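Novice: Got a structure for you, questions after.
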Amino acid sequence: MLFTRTLFHSLVISLGLLTCSVYASAKDLKNCVLAQYSPQTVAISGLPDPSIMGSYKFKVVKYGKKPSIFSSSNPEIVTQKVKLPRFLAEHSRSKGYKDDAYHKFNIDVSLDGKVWLPNGKGPFPLVLITHGNSAPGFDYLAELLASRGYLVAQVDQTYLNGLWGENGARGWVLLEHLKLWRQWSSESKQPFFEKVDMENVALIGMSRGGEAVALAATFNQWQTLPHSDEVLDLGFNIRAVVALAPMDGQYLHTDGSNVLKNTNYLVLQGGHDADVYQFLGSQQWHRTSFDDGGDYLKQLVYFYRGNHINFNQSMSGSFHWGKRGNFDAQLLAPAQQEQLTKVFVSAFLEATILKKFEYRQLFKQLPLSEFDLPKDIYISRYITSDFKVIEDFEDSSVKVKLSRVNRDNKQTFLPVSIEPERLRYGVETLNRVLRVNLAKDVETHVRIKLPSQMIKNQSNHQYFNFQFSLARADTSTQQQCEPYNLFSETKVEVLQDSLLVDSISLGSIGTVSPLLLSDFSELERGGVQYAQTEPILQTFSVPVKVENVVDGATELDIIFKPSQNVTIILDDFGTTGGTH
């Protein structure tokens, strides 16, 4: 499911749910949403806490342009300035941006960074961290990763702030930094000689930097510059890309939106982000694909009471008075958001860079009672490279059958409603989903047939995993403020030649998030309103015994019988590798 274009919409009153006055206050609304969440009890993982400081001591080194006589900055290593390629300026002009409002491409740009170098022989995996339209502010993350054996460089791109359409330049500058690191790692006179593991590189970015890291990973795979025969000296081994509340579509290639291929990808997003207020990172998540036979993971984590600024210490330290202060006070504190960022980013790098695959389990069953993870509503969506799609609703041959069993036990087949997945304001994406209206106390069946070859491929296993994504997509913002898990009234039946061979209750599989309503009224002014919600799909994995599907025509039937009217969207039906 690939997007070809992403639209970033300004704050306008449009389609979708806008702030309403059903609740007495924004705090009451949040408390009501939290009261509806009924998380299942998850077994303790037993894994070492990825957020605690490791055993490595480290030293801090700065590099950058030669300081002027008036400069207070004195980098230990002086770097040369570099030129940005012309195609970035051409993009700016094609979008109608004035050069002086974007960047003066006739001048060079500097390569500035702050390094955390672990003590020890090395080589150490290299992690670059970059900011958005702000100052660098990720010392908390750099210190953690350096103590755990990563060489970390926090890249300073503040000279690109205040511009528009410049995220391509932000991404390209990261590649220029990687060229420096490749050079330094092989020069005996450098403090980084033989310290850098250039075979294992990770890029982390926030906001505009979050889009930039994905762009850098794509630029890195180019052989030549666009519309040019000039051969590029890139091809770095970027194994992981991490985006914190990223922008998307601010820079577009000539053939459309950025497609990330054969790279592990993680995106984190808060549900009360007043800066990147649509979950734009979900778009790049969709446009991440794997086709070279490698072992990859693409993962998103959405947390309800998170905002934008608390990812970055240079922003979260600001004190806000009045309504903005009231808004922030109801959300996770900066230290809490930093903690969850450390947990998920560190665990992701453990799994993808250090190949400790056991850490993948933390994303399939989020460690809600471990690692000092703050209490909140978390949504996890993931796809691994061994995922085999049965139905993703991207073509006209729909493989799902819908039916309803009424109170008189009569079955009625229903029309299948396929529609675009929507962001806030009802903004349509190019991803397509199945929309199902579930009636109170009425059985609704979603049935899908397993391809015979897919079953044969699992014949040597005891179990395989049936996987799908689901989200609440109710149109009413008036919710009952009491615990409710749709899966407590849902099961999956395994049918062989239309005969029931197994029934699996989903109450122990996971918790369906309530409709995540956000009240931004304390920030609204000038007649502009923020849309109140957007459905966030979460992934569920159901273990199925292989012995129940090896013979005959096999179908899986998801049966919902909710105690209240519920609307849901579904996507990405498929299977993943089995277990012995």
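The values are calculated or read from the model by the stated rules, or taken from the named source; none is laboratory data. Note that the structure is predicted; figures quoted are calculated from it, not measured. Here the Cβ is made from the backbone with ideal geometry for all residues, glycine too, and neighbour counts use every protein chain on show. With ligands, DNA and RNA removed, areas are computed over all heavy atoms of the protein, side chains included. Shrake-Rupley method; radii C 1.70, N 1.55, O 1.52, S 1.80 Å.
Novice: Across region 526-540, which residue is most open to solvent (accessible area, probe 1.4 Å) among those that are farther than 21 Å from residue 479 by Cα and among the β-branched types (Val, Ile, Thr)?
Specialist: Checked region 526-540; the qualifying residue most open to solvent (accessible area, probe 1.4 Å) is 528.
Novice: What number of residues within region 49-78 are over 30 Å from residue 110 (Cα atoms) and either exposed (fewer than 14 other Cβ atoms within 10 Å of the Cβ) or among the aliphatic types (A, V, I, L, M) (or both)?
Specialist: 3
Novice: OK, next. May I ask you to list the residues in region 339-360 that are surrounded by 19 or more Cβ atoms within 10 Å (Cβ to Cβ), touching a Leu at 6+ places or on another chain (Cβ under 8 Å) and farther than 13 Å from residue 45 by Cα?
Specialist: Residues satisfying the conditions are 340, 341, 342, 343, 344, 345, 346, 348, 349, 351, 352.
Novice: When region 147-194 is examined, which residues are found to be assigned to a loop (DSSP other than H, G, I, E, B), touching a strand residue (DSSP E or B) at 6+ places or on another chain (Cβ under 7 Å) and within 16 Å of residue 84 (Cβ to Cβ)?
Specialist: Once the filter is applied, which keeps residues that are assigned to a loop (DSSP other than H, G, I, E, B), touching a strand residue (DSSP E or B) at 6+ places or on another chain (Cβ under 7 Å) and within 16 Å of residue 84 (Cβ to Cβ), region 147-194 yields only 157.
Novice: Residues being modelled with pLDDT of 95 or more and either more than 19 Å from residue 160 (Cα to Cα) or open to solvent by 10 Å² or more (accessible area, probe 1.4 Å) (or both): count how many of those fall in region 234-249.
Specialist: Summing the residues that are modelled with pLDDT of 95 or more and either more than 19 Å from residue 160 (Cα to Cα) or open to solvent by 10 Å² or more (accessible area, probe 1.4 Å) (or both) in region 234-249 gives 10.
Novice: With the structure loaded, tell me whether residue 140 is touching a strand residue (DSSP E or B) at 6+ places or on another chain (Cβ under 8 Å), assigned to a helix (DSSP H, G or I) and either open to solvent by 10 Å² or more (accessible area, probe 1.4 Å) or closer than 29 Å to residue 191 by Cβ (or both) or whether it fails that test.
Specialist: Here the answer is no, as residue 140 does not meet what is asked.
Novice: Can you name the residue in region 1-59 that is modelled with pLDDT of 75 or more and of a type in the set (Lys, Arg) and is also farthest from residue 366 (Cα to Cα) among such residues?
Specialist: Per the criteria, the residue is 59.
Novice: Same structure, new question: How many of the residues making up region 209-231 are open to solvent by 30 Å² or more (accessible area, probe 1.4 Å) and either in a loop (DSSP other than H, G, I, E, B) or closer than 17 Å to residue 285 by Cα (or both)?
Specialist: Total satisfying the criteria: 8.
Novice: Another question about this same structure. Mind listing whichever residues of region 486-506 are open to solvent by 20 Å² or more (accessible area, probe 1.4 Å) and either touching a residue at least 60 places away in the same chain (Cβ under 8 Å) or assigned to a helix (DSSP H, G or I) (or both)?
Specialist: 488, 489, 491, 493, listed by residue number.
Novice: Residue under question is residue 259, and the condition is that it be surrounded by fewer than 19 Cβ atoms within 10 Å (Cβ to Cβ), in contact with a strand residue (DSSP E or B) (Cβ under 8 Å, 6 or more places away or on another chain), closer than 22 Å to residue 130 by Cβ and in contact (Cβ under 8 Å) with a residue 40 or more places away in the chain; does it hold?
Specialist: yes
Novice: From the residues in region 361-374 that are at pLDDT below 95 and open to solvent by 40 Å² or more (accessible area, probe 1.4 Å), which one is farthest from residue 201 (Cα to Cα)?
Specialist: The selected residue is 369.
Novice: Follow-up question, since we're still on this one. How about region 116-137: which of its residues are part of a strand (DSSP E or B) and in contact (Cβ under 8 Å) with a residue 60 or more places away in the chain?
Specialist: Selection gives 117, 118, 124, 125, 126, 127, 128, 129, 130.
Novice: Test residue 324 against the criterion of being basic (Lys, Arg), surrounded by fewer than 24 Cβ atoms within 10 Å (Cβ to Cβ) and closer than 26 Å to residue 39 by Cβ, and give yes or no.
Specialist: no
Novice: So which pairs qualify, if the first residue must be in region 354-377 and within 14 Å of residue 51 (Cα to Cα), the second must be acidic (Asp, Glu) and open to solvent by less than 80 Å² (accessible area, probe 1.4 Å), the Cβ gap must be under 7 Å, and the two must be at least 6 apart or on different chains?
Specialist: 359/350; 371/49
Novice: Which numbered condition in (1) loosely packed, with under 15 Cβ neighbours inside 10 Å; (2) under 15 Å from the mean Cα position of the chain (by Cα) is the only one that residue 300 fails?
Specialist: Checking residue 300 against (1) loosely packed, with under 15 Cβ neighbours inside 10 Å; (2) under 15 Å from the mean Cα position of the chain (by Cα), the one that fails is (1).
Novice: Which members of region 541-558 meet the condition of being more than 24 Å from residue 516 (Cα to Cα), open to solvent by 10 Å² or more (accessible area, probe 1.4 Å) and not acidic (Asp, Glu)?
Specialist: 543, 545, 548, 550, 552, 553
Novice: Hey, another quick one. Across region 91-107, which residue is modelled with the lowest pLDDT among those that are open to solvent by less than 60 Å² (accessible area, probe 1.4 Å) and hydroxyl-bearing (Ser, Thr, Tyr)?
Specialist: Out of the qualifying residues, it is 102.
Novice: Related question: Would you call residue 509 open to solvent by 10 Å² or more (accessible area, probe 1.4 Å), aliphatic (A, V, I, L, M), part of a loop (DSSP other than H, G, I, E, B) and touching a Leu at 6+ places or on another chain (Cβ under 7 Å)?
Specialist: Spelling it out, it is not the case that residue 509 is open to solvent by 10 Å² or more (accessible area, probe 1.4 Å), aliphatic (A, V, I, L, M), part of a loop (DSSP other than H, G, I, E, B) and touching a Leu at 6+ places or on another chain (Cβ under 7 Å).
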